[in-house]
Amino acid sequence: MNYFLHVLKNYALFRGRARRKEYWMFVLFNLIFAVAAIVLDNVLGTAMDGIGYGAIYGLYTLAMLIPSLAVAVRRLHDINKSGWWLLITFLPLVGGIWLLVLLVTEGTRGENQYGPDPKAGEAVLAY
């Protein structure tokens with residue numbers, strides 16, 4: 001949960017690096033909260049017929065758009081790639097698979113052009 005909150009605190013920070021654990025913990029909690037928003041939409045009756053979700057899920061997704069992009073860019077920076085590599089997802093099938101491979105790749109050890117190694121400052125997130 002600390003990683004999710006850390007990403008939200010740095011919601012529009014597109015510089016620097018994010019380690020794998022930070023990225024994937026954010027993805028996990030984002031998925032959990034998105035499912036909870038869908039369930040809440042259905043329980044409260046705000047879900048649209050035939051779609052299964054409604055305004056609560058839509059607002060949550062909109063609120064998480066910038067933080068999701070920012071942490072993905074920082075994750076790519078950790079493997080010494082530009083954030084523009086996110087655009088590879090526009091290549092049908094192959095692009096999404098290649099981006100997944102990049103996102104699970106271990107980060108560059110030591111400092112790279114995007115900043116210091118986030119694993120070296122691991123104690124920062126232990127609040």
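Selection over the range 39-75 of residues that are under 14 Å from ALA18 (Cβ atoms) and either aromatic (Phe, Trp, Tyr) or out of contact with any Lys or Arg (no Cβ under 9 Å at 6 or more places or on another chain) (or both) gives a count of 6. Number of residues in the range 14-30 that are over 10 Å from the mean Cα position of the chain (by Cα) and loosely packed, with under 15 Cβ neighbours inside 10 Å: the value is 3. Being farther than 22 Å from HIS6 by Cβ, aliphatic (A, V, I, L, M), assigned to a helix (DSSP H, G or I) and modelled with pLDDT under 95 is the requirement here; does VAL43 meet it? Against the criterion (farther than 22 Å from HIS6 by Cβ, aliphatic (A, V, I, L, M), assigned to a helix (DSSP H, G or I) and modelled with pLDDT under 95), VAL43 qualifies. Restricting the range 47-84 to residues that are aromatic (Phe, Trp, Tyr) and crowded, with 18+ Cβ neighbours inside 10 Å, the residue that is nearest to HIS6 (Cα to Cα) is TYR60. With the condition kept exactly as written, say whether any residue in the range 104-121 is part of a helix (DSSP H, G or I) and either modelled with pLDDT under 90 or touching a Leu at 6+ places or on another chain (Cβ under 8 Å) (or both). No, the range 104-121 contains no residue that is part of a helix (DSSP H, G or I) and either modelled with pLDDT under 90 or touching a Leu at 6+ places or on another chain (Cβ under 8 Å) (or both).
Pairing residues of the range 1-21 that are within 19 Å of ASP117 (Cβ to Cβ) with residues that are of a type in the set (Val, Ile, Thr), at Cβ distances under 6 Å and at least 6 apart in sequence or on separate chains, gives VAL7/VAL71; PHE14/VAL73; ALA18/VAL71.
Remark: LEU40 falls outside the filter, which requires a residue to be out of contact with any Asp or Glu (no Cβ under 6 Å at 6 or more places or on another chain), under 26 Å from HIS77 (Cα atoms), of a type in the set (A, V, I, L, M) and surrounded by fewer than 19 Cβ atoms within 10 Å (Cβ to Cβ). Scanning the range 4-24 for residues that are modelled with pLDDT under 90 and outside any helix (DSSP H, G or I) yields ASN10, TYR11, ALA12, LEU13. Considering the range 85-113, and only residues there that are touching a Ser or Thr at 6+ places or on another chain (Cβ under 7 Å) and not hydrophobic (A, V, I, L, M, F, W, C), the residue that is surrounded by the most Cβ atoms within 10 Å (Cβ to Cβ) turns out to be GLY95.
The values are calculated or read from the model by the stated rules, or taken from the named source; none is laboratory data. Predicted model only: the values in this text are computed from it and were never measured. All Cβ positions, glycine included, derive from the backbone under ideal geometry; neighbour counts span all protein chains shown.
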